[in-house]
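Chemist: Take this structure first; my questions come after.
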Amino acid sequence: MKRLFYNPEQIVTVNTMEKNVKRGADMNYPGVLEYFSIVVEDDIITEFVPNHVIKRTEFDEVFDLTGKIVLPGLVESHTHAVFAGSRADEFRMRLSGATYEEIAKKGGGILNTVNAVRNSSVDELIEISKGRVESFIRQGVTTLEIKSGYGLSFYDEIKLLQVIKELDTIFPIDILPTFLGAHTFPPEYQNDKEKYVAVIIEEMLPYIKENNLAVFTDAFCESTAFTAKQVERIFAAAKELGFKLKLHTEQFNRIGGLETALGLNALSVDHLEVLEDDEIQMLADSDTTATLLPGVSFFLDYGYAPARKLIDSGAIVALATDYNPGSSHILNPFLIMLLASLKMGMTIEETISAYTINAAKSLDLNEEIGSLEIGKKADFAIFGTNTYSDIIYSAGQNLIYATVKNGEVVYKVESR
Ligand code: NIG
Ligand code: FE
């Protein structure tokens, strides 16, 4: 099957010159092509052709993209999109002055959602989550990571991973499962935390590996959750089994998570709101992606991660929604890009690099996706506008015209 994506106003290639990642000033170069069309054979980009030499009759299908722009499909690399229940009551409490951490200490927060998940079946969770995945697809997302972490027992964590696996078979985009059994301590183990760490290491991780239920292992390194030592033990075991590592760390407190993650060559460290200067240098010297989640700072109304310093030092910076019911009930990559530009000083071009190639790097998929280069997958986010600034300038509005996964149109608006 040979397809032509014909005559877009701009192709924002996010060209990496085959480096498949962007650091420093390179994040600011979007590699825009004008007066070109994209040739796709089956699921792969094979050529960029100047419009004036194209013979349209040579193609099985031609998509006329006059007046539209093409970007790499967005890579949503950090979500907790499978959950049950609502935390709107906690949101109200926060509006009256309670903090996220206070609510968590009283048994609300993550444990509130754990209760709701434990009371839901696989089928119920699939039904609840479908609309969320659809919503990501309608916003140009072609690769979506989803974490467990609201089960916190062998049975319920496996249940969540099965739901994520099922969503991947239902939808045409790629959905990647992350095991986050170490999200917080469940009520049953509040007085014997080491026992829960042992359950993760001895029971959950081997079963998940054997049944191929997750690609990544994640944890929450925080004074209210797991210590750096506990994370290190869990990660060492996970790595031994072949899991790739990601870590929630430096969100509220610095307790050694970053050093632990870097020591084990984690793919990404996520949050980083309280990152300090010496840690910025450590990240810049590493291959680990700094995944920033400005939706959390906005939704919980506290400080933002030092994006500017990270980029200027040469660290690999990605952006994600962290979509979840408590700290970022924001299912909108464009709003995240807006916050990254307005609140963290990122340029429009940097937010695009952060949501495409560098997000792909954080999932170890940067050789296949994340930029529009010959040989890469034909995953496109196509917008009904003629300049890419509009995507961010439109402030959370969805300008998507079509979403293309593996060369196939998987979503298209009626008119734009
Ligand atoms: O990424 N930091 C820990 N976990 C999630 C929040 C989950 C929740 O509040 O339900 C996060 O912010
Ligand atoms: Fe998260």
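The values are calculated or read from the model by the stated rules, or taken from the named source; none is laboratory data. Just so it is clear, the structure is predicted and the values come from calculations on it, not from any experiment. Neighbour counts run over all protein chains shown; Cβ positions are idealised from the backbone, glycine included. Only protein heavy atoms, including side chains, enter the accessible area calculation; ligands, DNA and RNA are left aside. Shrake-Rupley method; radii C 1.70, N 1.55, O 1.52, S 1.80 Å.
Chemist: For the condition at pLDDT 95 or above, small (Gly, Ala, Ser), open to solvent by less than 10 Å² (accessible area, probe 1.4 Å) and within 12 Å of ligand 1 (Cβ to nearest atom), what is the one hit in 116, 81?
Modeler: Of 116, 81, the one residue that is at pLDDT 95 or above, small (Gly, Ala, Ser), open to solvent by less than 10 Å² (accessible area, probe 1.4 Å) and within 12 Å of ligand 1 (Cβ to nearest atom) is 81.
Chemist: Also, quick follow-up: I need a count of the residues in region 146-174 that are in contact with a helix residue (DSSP H, G or I) (Cβ under 8 Å, 6 or more places away or on another chain), part of a strand (DSSP E or B) and open to solvent by less than 10 Å² (accessible area, probe 1.4 Å).
Modeler: 1
Chemist: Right, residue 353: surrounded by fewer than 24 Cβ atoms within 10 Å (Cβ to Cβ) and of a type in the set (S, T, N, Q) or not?
Modeler: In short, no.
Chemist: Can you tell me which residue is farthest from residue 360 (Cα to Cα) among those in region 12-40 that are touching a residue at least 40 places away in the same chain (Cβ under 8 Å) and open to solvent by 80 Å² or more (accessible area, probe 1.4 Å)?
Modeler: 29
Chemist: Got at least one residue in region 289-302 being in contact (Cβ under 8 Å) with a residue 24 or more places away in the chain and more than 16 Å from ligand 1 (Cβ to nearest atom)?
Modeler: Among the residues of region 289-302, not one is in contact (Cβ under 8 Å) with a residue 24 or more places away in the chain and more than 16 Å from ligand 1 (Cβ to nearest atom), which makes the answer no.
Chemist: If you check residue 338 against the conditions, is it touching a residue at least 40 places away in the same chain (Cβ under 8 Å), outside the structural domain of residue 20 (by TED's automatic domain parsing), aliphatic (A, V, I, L, M) and open to solvent by 10 Å² or more (accessible area, probe 1.4 Å)?
Modeler: yes
Chemist: Another question, if that's okay. Of all the helices (runs of 4 or more DSSP H) wholly in region 320-388, which have at least 3 residues that are on the phi > 0 side of the Ramachandran plot and more than 16 Å from ligand 2 (Cβ to nearest atom)?
Modeler: In region 320-388, there are no helices (runs of 4 or more DSSP H) which contain 3 or more residues that are on the phi > 0 side of the Ramachandran plot and more than 16 Å from ligand 2 (Cβ to nearest atom).
Chemist: If you don't mind, another one. May I ask you to verify whether residue 213 is within 16 Å of ligand 2 (Cβ to nearest atom), within 12 Å of residue 178 (Cα to Cα), among the aliphatic types (A, V, I, L, M) and under 22 Å from the mean Cα position of the chain (by Cα)?
Modeler: no
Chemist: Taking residue 56 as meeting all but one of (1) more than 19 Å from residue 401 (Cβ to Cβ); (2) modelled with pLDDT of 95 or more, write down the number of the exception.
Modeler: Of the numbered conditions (1) more than 19 Å from residue 401 (Cβ to Cβ); (2) modelled with pLDDT of 95 or more, the odd one out for residue 56 is (2).
Chemist: Please find, within region 84-113, the residue that is most open to solvent (accessible area, probe 1.4 Å) out of those that are within 16 Å of ligand 2 (Cβ to nearest atom) and within 21 Å of the chain's Cα centre (by Cα).
Modeler: Per the criteria, the residue is 110.
Chemist: Consider only pairs whose beta carbons are under 6 Å apart and that are at least six residues apart or on different chains; among these, list those whose first residue lies in region 67-91 and is closer than 18 Å to residue 363 by Cβ and in a strand (DSSP E or B) and whose second residue is open to solvent by 10 Å² or more (accessible area, probe 1.4 Å) and within 13 Å of ligand 1 (Cβ to nearest atom).
Modeler: That search, which allows pairs on different chains as well, returns 79/323.
Chemist: Taking residue 295 as the residue in question, decide whether it is more than 30 Å from residue 211 (Cα to Cα) and either open to solvent by 10 Å² or more (accessible area, probe 1.4 Å) or β-branched (Val, Ile, Thr) (or both).
Modeler: For residue 295, the condition - more than 30 Å from residue 211 (Cα to Cα) and either open to solvent by 10 Å² or more (accessible area, probe 1.4 Å) or β-branched (Val, Ile, Thr) (or both) - is not met.
Chemist: Right, next: Against the condition among the acidic types (Asp, Glu), closer than 24 Å to residue 16 by Cα and in contact with a Gly (Cβ under 9 Å, 6 or more places away or on another chain), how does residue 379 come out, does it pass?
Modeler: The answer is yes for residue 379.
Chemist: Name the one entry in 389, 327, 362, 415 that is open to solvent by less than 50 Å² (accessible area, probe 1.4 Å) and more than 30 Å from residue 104 (Cα to Cα).
Modeler: The match here is 389.
Chemist: Also, I was wondering about something else. Within region 320-334, is even one residue acidic (Asp, Glu) and in contact with an Asp or Glu (Cβ under 8 Å, 6 or more places away or on another chain)?
Modeler: Within region 320-334, one or more residues are acidic (Asp, Glu) and in contact with an Asp or Glu (Cβ under 8 Å, 6 or more places away or on another chain).
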